[in-house]
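First comes the structure, then the notes that go with it.
The values are calculated or read from the model by the stated rules, or taken from the named source; none is laboratory data. For clarity, every value in this text was computed on a predicted model and none was experimentally measured. Positions of Cβ are generated from backbone atoms using ideal geometry, with glycine treated the same way; all protein chains shown enter the neighbour counts. The area values use the complete protein model at the heavy-atom level, side chains included, leaving out ligands, DNA and RNA. Shrake-Rupley method; radii C 1.70, N 1.55, O 1.52, S 1.80 Å.
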Amino acid sequence: MSSALISEYAVGSSIKVPSPKTAMTDLVEFWCYSVLVEAPPREIYLRMKECQRILIEHGEELNIQDYGRVHNRIGIATLVGEFCGREANDSSLETSLCHQKSSYWGKLMEGLNGLRHNFLRFDRDAKEGDEKNDSPDEDLAYLPMFDELFNELISMIKLQRAIATLREQLQEEAKMPPSSKPQRRMSTIIGNYQGTVAKEGNGDDNHVLLRFLKRDLLKAHKKGETKSLPKHILEGLDKVMEKGDANFSLRLLQRKTQVLLRDWADQNLAPPTLVRLGYGGLSTTNATQNDQQTVSSWGTYSDAGVKEEQEKFINSEPLDARNHEADPEVLRRAAKAVEESDLS
């Protein structure tokens, strides 16, 4: 049915029939929203690809503006689909997060910083056709989700970038011919890694991996086993990462990323039209919080009792987004931030 025929049919009727462009935009928003609902990585990735397919096939006619609600939903869905839609520790898959280069983690941080910038604009929730207003909403920047929680996430990603750099250097070392002093080069590599971690504020969170690296280096030195040292440490590094220790768990990082970005969307963007209508079983009582354990619940790894709770969280079944309730702690911290910024 053509747009002209739809408009003619709607004349004189109390029914407000959306244009094909509006209906298609609503569908894009719905698919973007679905990416944020808890699911296995493969399903999250496929939802993101479906959204991209619609944009590729209908992008020209949709002509979505480069700011506002739909633009920001697409940005979040793309990042979550790309990052949380990957397997974390499956060493048999080249696309697994454990195989990603240091440049991948750098681009991930760039993407997150870009999204944060877009959400701190006054036009973050602008509808298609609304006027552009790129002035910064400075008060919003002091809310936990855009301040300390965001910085915690970036800190975890920096740690993964440091580990990826270590892996790359060990792989290069493993390719080199035998040397009379491989331990010296290995000590330099591990020292560089330790310096990077300390500089970026992750020193206390990474003691397990550092202890493992130094222990194996010392062991090899005592036994004179130097030829296979880089390969041996690489294999040990894979085992440490696959174990999923909360210091540098890729699965925990994925979950924290998904929950934080879901909070950004749910608390700053109006819900999609199809979600408000309950399409596909989703509703506005959606993925606002991740059960009673949100990203704001975590302290440092050394805090008493946190390790046990983190491990429970990592190994728990995915939660249905429709059953989540708002975490009172998030609301309390947001209220406190508002009071301290003299907004009341």
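In terms of solvent-accessible area of protein heavy atoms at a 1.4 angstrom probe, what is the ranking of Y45, Y67, Y142, highest value first?
Per-residue accessible area, sorted high to low, gives Y142, Y45, Y67.
Under 5 Å between amide hydrogens, which residues at least 5 positions from R121 or on another chain qualify, with H placed 1.01 Å from N in the peptide plane?
D137
Provide the net charge surrounding K127, with neighbours chosen by a C-beta distance below 13 Å and charges set as Lys +1, Arg +1, Asp -1, Glu -1.
Taking every Cβ under 13 Å from that of K127, the sum is -2.
Can you pull the one-decimal nm distance between simple spin-label points at A198 and E131, each 7 Å off the Cα toward Cβ?
Going from the A198 label point to the E131 one covers 5.5 nm.
Could you go through the range 147-160 in sequence order and give the Karplus-derived ³J(HN,Hα) for each residue, using 6.51 cos²θ - 1.76 cosθ + 1.60 with θ = phi - 60°, rounded to whole Hz, and x for Gly and Pro?
10, 5, 5, 5, 5, 4, 5, 4, 4, 5, 5, 4, 5, 5
Give me the net charge of N192's neighbourhood, meaning all other residues with Cβ under 11 Å from the Cβ of N192; Lys, Arg count +1, Asp, Glu -1.
Taking every other residue near N192 into account, the sum is +2.
Which percent of the accessible area of the range 136-200 is formed by carbon and sulfur heavy atoms (probe 1.4 angstrom)?
Reported share for carbon and sulfur atoms: 51 percent.
The range 41-105: which GluC sites (Glu not before Pro) are DSSP loop and have at most 11 other beta-carbon atoms within 10 angstrom?
Taking the range 41-105 and a limit of 11 other Cβ atoms within 10 Å, the loop GluC sites (Glu not before Pro) found are E94.
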